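Each remark here refers to the structure printed beneath this line.
The values are calculated or read from the model by the stated rules, or taken from the named source; none is laboratory data. None of these values were measured; they are calculated from a predicted model. All Cβ positions, even for glycine, are placed from backbone atoms using ideal geometry, and neighbour counts span all protein chains on display. Protein only, heavy atoms only, side chains kept; ligands, DNA and RNA dropped before computing areas. Shrake-Rupley method; radii C 1.70, N 1.55, O 1.52, S 1.80 Å.
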Amino acid sequence: MTCKRAHHSLSFNVFAFAIGVFAFIVGLGTLAAIASTPLFLPAVIYDSGGQGATSVVVADVNGDGKADLLVADYCSRNGCPNGEVGVLLGNDDGTFQAAVIYGSGGGPAASLAVADVNADGKPDTC
């Protein structure tokens, strides 16, 4: 069995691309509006709560449907050798609340993972 390439596939792709560009221009208004629309917003800096952030995980840890940030800090604000985990709960607009700090349970927090390890339907950190 052999596959045959459709004769009009290239023209269809060009047509679909043109429709996409047209929809994009109509959505923004004019070419000047497109030129002045930034592709990326300026960076926002968040305090992780400790010193030496080594790992970041994105997960919904409180079950509200919004992405939250978990940050492993190698050292606490009070210094080493104890690390911390900062949890920044997500807002509805893509920003995050101030970090809530939790102890790492001993030494420095070098990495972080989120999974449901005890099968209770809630995310756990490890």
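If the condition is being aliphatic (A, V, I, L, M) and crowded, with 19+ Cβ neighbours inside 10 Å, then segment 62-103 contributes Leu69, Leu70, Val71, Ala72, Val85, Val87, Leu88, Ala99. Are there any pairs, at least 6 apart or on different chains, whose C-beta atoms fall under 7 Å, with the first in segment 77-106 and without any contact (Cβ under 8 Å) to a residue 24 or more places away in the chain and the second in a loop (DSSP other than H, G, I, E, B), and if so, which? Within 7 Å, the pairs are Gln97/Leu89; Gln97/Asn91. For segment 104-126, taking the residues that are open to solvent by 50 Å² or more (accessible area, probe 1.4 Å) and β-branched (Val, Ile, Thr), the one that is farthest from Leu41 (Cα to Cα) is identified as Val117. Scan segment 68-124 residue by residue and report those that are among the β-branched types (Val, Ile, Thr) and within 17 Å of the chain's Cα centre (by Cα). Once the filter is applied, which keeps residues that are among the β-branched types (Val, Ile, Thr) and within 17 Å of the chain's Cα centre (by Cα), segment 68-124 yields Val71, Val87, Thr95, Val114. The condition of being of a type in the set (D, E, K, R) and at pLDDT below 85 holds for only one of Asp47, Asp73, Asp64, Asp92, that being Asp92.
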